[in-house]
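Peer 1: Structure below; questions to follow.
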Amino acid sequence: MSVNTFGRLLRFTTWGESHGPAIGAVVDGCPPGLAIDESVIQPFLDARRPGQSKFTTQRQEPDQVRILSGVFEGKTTGTPISLMIENVDQRSKDYSDVAKAYRPGHADYAYDAKYGFRDYRGGGRSSARETASRVAAGGVARLVIPEVTIQAWVSEIGGDAINGSVRRQLIETVAGYNKLTDGSPWPTMQENPFFCPDPEAAKRWEKIVDDARLAGSSVGAVVECVATGVPAGWGAPLYGKLDADLAAAMMGINAVKGVEIGDGFAAARLTGEQNADPMHPGANGPEFSANHAGGIAGGIATGQPVVVRVAFKPTSSILTPQPTITREGEATELFTKGRHDPCVGIRGVPVVEAMMALVLADHKLLHRGQCG
Ligand SMILES: Cc1cc2nc3c(=O)[nH]c(=O)nc-3n(C[C@H](O)[C@H](O)[C@H](O)COP(=O)(O)O)c2cc1C
């Protein structure tokens, strides 16, 4: 069985490998009549694009998206929307060692164990090139949920976190609780290469990531994502929980090893009183004085900001030699040549936002389908 499709009513399938001619996505179930062209999707791909600073891989991919189907006279037709991104900067010779031996921590051995055959060039289908297809699909999903604002940022690199008060202020701003900005991204995030809202942390991270890069090593990161404007009622109980779908969506991203909703694991260390999200009547309906639940209760949105945190492991392709085995089972050592991200979580930010958009758009359509 093959699983390259995600979603229920808004479904997308991604296709393609790192060193093939192109990659892409087919988005099916998009409502008709939404205004769309490449320029609507391209900014999200530009944010994920490699080679934009020394802190990401130096592979130079323009990641220009082309819409091949599902659009007529600038509007979605309701038929499958096919999105294609050409691969232009492959260097397959960098991967001759990976053809013979497995990179520890990468998917080389697992793919061989499953299929008995693999495209080793750049990791083939297990390469994070695939995440460009998700980001393109996420651009379509955003059109389905214009009422929702999605903002992600890197909140921790190499164990060094942003300032807690910057984080709280950012969540409140995205939530519209305080009107510091007009809803455009937190300005500091555009001024550094880390999608970091805290300028002090961004300075520290320059050294952390650069030291790792120069040492031929890598570091992990935590990405946080908030969606505001999600109406109370989206989601579903039990087997279709909004939080379960978000967890599946985020865990499906390459290198993700943990997902928390709201306070996540920290909630297990609170008492019932500390973890409650007390409610009181407000001018426009119920208000909450806390959001430990991350905007979801019983699998259904409460109308509060939906908050997700995603843990990215350190890049497994590193220049430091690691013990491993060859395809024939012989002991050997491998260090990975080629161009790699010293911290994959950084470029994970637009991918996390895309997956949030795809899940919320799917749940909007599901809610409309059942409840009108
Ligand atoms: C945006 C992004 C970029 C990545 N770049 C690299 C990379 O340059 N080198 C690498 O070894 N892994 C990279 N990865 C991670 C691998 O794709 C991932 O570790 C691999 O597919 C194995 O899957 P798993 O870590 O989810 O188990 C990246 C992941 C993301 C999200």
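The values are calculated or read from the model by the stated rules, or taken from the named source; none is laboratory data. Quick caveat, the model's predicted, so the values are computed rather than measured. Counting neighbours? That spans all protein chains shown, and the Cβs are built from the backbone with ideal geometry, glycine included.
Peer 1: Take region 1-41 and flag every residue that is surrounded by fewer than 18 Cβ atoms within 10 Å (Cβ to Cβ), at pLDDT 95 or above and hydroxyl-bearing (Ser, Thr, Tyr).
Peer 2: THR5, SER39
Peer 1: Is region 162-169 home to any residue that is over 19 Å from GLY16 (Cα atoms), within 15 Å of the ligand (Cβ to nearest atom) and not in a helix (DSSP H, G or I)? Even if it seems obvious, please write down each step before you answer.
Peer 2: So in region 162-169, the residues over 19 Å from GLY16 (Cα atoms) come out as 162-169.
Still in the running and within 15 Å of the ligand (Cβ to nearest atom): none.
Among the residues of region 162-169, not one is over 19 Å from GLY16 (Cα atoms), within 15 Å of the ligand (Cβ to nearest atom) and not in a helix (DSSP H, G or I), which makes the answer no.
Peer 1: Which ones in region 48-95 are charged (D, E, K, R), within 16 Å of the ligand (Cβ to nearest atom) and more than 14 Å from ARG339 (Cβ to Cβ)?
Peer 2: We begin by selecting, within region 48-95, every residue charged (D, E, K, R); these are 48-49, 54, 59, 61, 63, 66, 73, 75, 86, 89, 91, 93-94.
Checking the rest, the ones that are also within 16 Å of the ligand (Cβ to nearest atom) come to 48-49, 54, 59, 61, 63, 89, 91, 94.
ARG48, ASP63, listed by residue number.
Peer 1: Quickly run through region 197-206 and pick out the residues that are crowded, with 20+ Cβ neighbours inside 10 Å and part of a helix (DSSP H, G or I).
Peer 2: Pass one, region 197-206, residues crowded, with 20+ Cβ neighbours inside 10 Å: 197-198, 201-202, 205.
Residues satisfying the conditions are ALA201, ALA202, TRP205.
Peer 1: Now for a different question. Mind listing just one residue for me: the one in region 42-69 that is among the aliphatic types (A, V, I, L, M) and free of Cβ contacts under 8 Å to residues at least 60 places away in the same chain and, of those, surrounded by the fewest Cβ atoms within 10 Å (Cβ to Cβ)?
Peer 2: The first filter runs over region 42-69 and keeps only residues among the aliphatic types (A, V, I, L, M), leaving 45, 47, 65, 67-68.
Of the ones still in play, those that are also free of Cβ contacts under 8 Å to residues at least 60 places away in the same chain are 67-68.
Values: ILE67: 18, LEU68: 12.
In this case the residue turns out to be LEU68.
Peer 1: Checking the condition β-branched (Val, Ile, Thr) and part of a helix (DSSP H, G or I), which residue from VAL259, VAL209 passes? It would help to see each step written out before you state the result.
Peer 2: Working: VAL259 fails: part of a helix (DSSP H, G or I).
Going through VAL259, VAL209 in turn, just one is β-branched (Val, Ile, Thr) and part of a helix (DSSP H, G or I): VAL209.
Peer 1: Additional query: In region 226-263, how many residues are charged (D, E, K, R), closer than 17 Å to ASN291 by Cα and either crowded, with 21+ Cβ neighbours inside 10 Å or in contact (Cβ under 8 Å) with a residue 40 or more places away in the chain (or both)? Let's see the steps before the verdict.
Peer 2: Keep residues of region 226-263 that are charged (D, E, K, R), which gives 241, 243, 245, 257, 260, 263.
Remaining after also requiring closer than 17 Å to ASN291 by Cα: 243, 260, 263.
From what's left, either crowded, with 21+ Cβ neighbours inside 10 Å or in contact (Cβ under 8 Å) with a residue 40 or more places away in the chain (or both): 243, 260.
The number of residues fulfilling the criteria is 2.
Peer 1: I've got another one for you. Restricting attention to region 355-364, does a residue exist that is closer than 21 Å to ILE41 by Cβ and within 13 Å of the ligand (Cβ to nearest atom)?
Peer 2: Within region 355-364, one or more residues are closer than 21 Å to ILE41 by Cβ and within 13 Å of the ligand (Cβ to nearest atom).
Peer 1: Any idea which residue in region 101-148 is farthest from the ligand (Cβ to nearest atom), counting only those that are aromatic (Phe, Trp, Tyr) and touching a helix residue (DSSP H, G or I) at 6+ places or on another chain (Cβ under 9 Å)?
Peer 2: Residue satisfying both the conditions and the ranking: PHE117.
Peer 1: Let me ask something else about it. Please give the number of the condition PRO321 fails out of (1) in contact (Cβ under 8 Å) with a residue 60 or more places away in the chain; (2) within 16 Å of the ligand (Cβ to nearest atom).
Peer 2: In the conditions (1) in contact (Cβ under 8 Å) with a residue 60 or more places away in the chain; (2) within 16 Å of the ligand (Cβ to nearest atom), PRO321 misses (1) alone.
Peer 1: In addition: Among (1) within 16 Å of the ligand (Cβ to nearest atom); (2) at pLDDT below 95, there is one condition GLY348 misses while meeting the rest; what is its number?
Peer 2: Of (1) within 16 Å of the ligand (Cβ to nearest atom); (2) at pLDDT below 95, only one is false for GLY348: (2).
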